[in-house]
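**Student:** Here it is, the structure in full.
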Amino acid sequence: MKKVMYVVVAAGFIVAVRYAVSADFRQAVYYQYYTRLKHPEIAGGPCGPNCNGYNEFLNQGLLTNTDTLPLFEERKADRMLLTGVIHDFSGKPAADVLLYVFHTDAQGVYPKRAGATGAEALNGYIRGWVKTNADGRYYIYTNMPGAYPEEKTRAHVHCIIKEPDVNVYSLMDFIFPNDPYAEAHETTVPQHLNGGLVKDITQPGDTMKVYQRNIYLGRGVVNYPSKKKGA
């Protein structure tokens with residue numbers, strides 16, 4: 001019995017050591033250092049190049065709480081509506097919040113137009129922007145994204161937030177029910193803690209899938225300003 005116990009302990013130790021020297025562990029340690037210590041003034045930590053597209057809508061004054069992404073009119077079979085309410089940290093509907101989203105096409109590729117520049121060169125052209133009004137609601141008409149080719153990754157929609165008086169930051173991707181490639185830790189985080197798993201609220205008679213995700217500004221976001229938590 002003791003021999004079996006020693007083997008189990010040794011195996012666990014080996015797994016722990018392997019993780020400690022793995023790229024995932026180094027990345028996690030670096031992220032915590034970079035966000036909490038080196039840049040405590042940046043909510044969510046440095047957002048990286050994926051966030052750059054949030055400001056590429058040239059006239060944000062024309063933004064509304066509704067957007068229709070490219071390919072929606074062309075692809076009818078997999079249309080969907082992403083909708084929900086963006087709340088402030090305390091749970092009240094939040095106005096004037098910009099939500100920037102982008103995702104792959106059905107083949108799992110971020111399609112780009114010839115000569116694409118700026119964030120489109122990285123994010124592709126299936127992207128959109130909405131800006132909430134007083135009720136915090138948003139509506140994004142688009143199509144179901146595909147998983148990356150030859151990779152076991154869940155279909156997802158990137159979620160970038162820019163709220164007044166806070167730097168741009170990213171939240172967990174929108175992910176979809178019953179995706180075999182979704183990780184358990186992704187599907188168990190509730191929406192009020194900014195989990196990305198959408199809720200299927202499609203009703204009989206709807207002409208497309210309707211998915212709901214409610215967003216809560218700052219929850220689970222490292223270095224989120226204390227003054228905003230009391231809004």
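**Student:** Please list the non-local residues whose amide H lies under 5 Å from the amide H of Thr66, H modeled 1.01 Å from N, same-chain partners needing a gap of 5 or more.
**Tutor:** So Thr66 has HN proximity to Lys131, Tyr139.
**Student:** Follow-up. Can you sort His103, His192, His185, His156 from fewest to most other Cβ atoms within 10 Å of each residue's own Cβ? Mind showing how you got there, number by number?
**Tutor:** On the way: His103 25, His192 13, His185 8, His156 21.
Exposure proxy ranking, most exposed first: His185, His192, His156, His103.
**Student:** For a quick check of your reading of the filter: which GluC sites (Glu not before Pro) in the stretch 89-187 sit in a DSSP loop and have no more than 11 other Cβ atoms within 10 Å?
**Tutor:** Values: sites: Glu120, Glu150, Glu151, Glu183, Glu186; in loops: Glu150, Glu151, Glu183.
Filter output for the stretch 89-187: Glu150, Glu151, Glu183.
**Student:** Scattering from the C-alpha atoms of the stretch 63-109 alone, worked out with Debye: what is log10 I(q)/I(0) at q = 0.29 1/Å?
**Tutor:** Debye curve over Cα of the stretch 63-109, log10 I(q)/I(0) at q = 0.29 Å⁻¹: -1.25.
**Student:** Here is a further query. Counting other beta carbons within 10 Å of each residue's own, what order do Thr188, Thr202 fall into, fewest first?
**Tutor:** Working: Thr188 9, Thr202 15.
Fewest-to-most ranking of Thr188, Thr202: Thr188, Thr202.
**Student:** Please arrange Cys159, Cys47 by how many other C-beta atoms lie within 10 Å of their C-beta, fewest to most. Walk me through the numbers before you get to the answer.
**Tutor:** Working: Cys159 21, Cys47 18.
Ranked by crowding around the Cβ, least crowded first: Cys47, Cys159.
**Student:** Can you run the Rg to Rh ratio on the stretch 142-231? Use alpha carbon positions and the Kirkwood inverse-distance Rh. Kindly include the intermediate steps, with their values, before the conclusion.
**Tutor:** Details: Rg = 15.0 Å, Rh = 14.8 Å.
So for the stretch 142-231, dividing Rg by the Kirkwood Rh gives 1.02.
**Student:** How many Lys pairs in the stretch 45-220 lie less than 30 angstrom apart by Cα atoms, where the lysines are 8 or more positions apart or on different chains?
**Tutor:** Going through the stretch 45-220 pair by pair, I get 22.
**Student:** Can you classify the stretch 63-216 as rounded, prolate or oblate using the Cα gyration tensor, where a ≥ b ≥ c are the square roots of its eigenvalues, rounded means a/c under 1.5, and otherwise it's prolate if a/b beats b/c and oblate if not? Numbers along the way, then the final one.
**Tutor:** On the way: a/c = 1.37, a/b = 1.20, b/c = 1.15.
Rounded, since a/c falls under 1.5.
Values in this text are rule-based calculations from the coordinates and carry no lab data. Everything numeric here is computed off the predicted structure, so don't read it as measured data. A quick note on method: Cβ atoms are made from the backbone with ideal geometry, for glycine too, and the neighbour counts reach across all protein chains shown.
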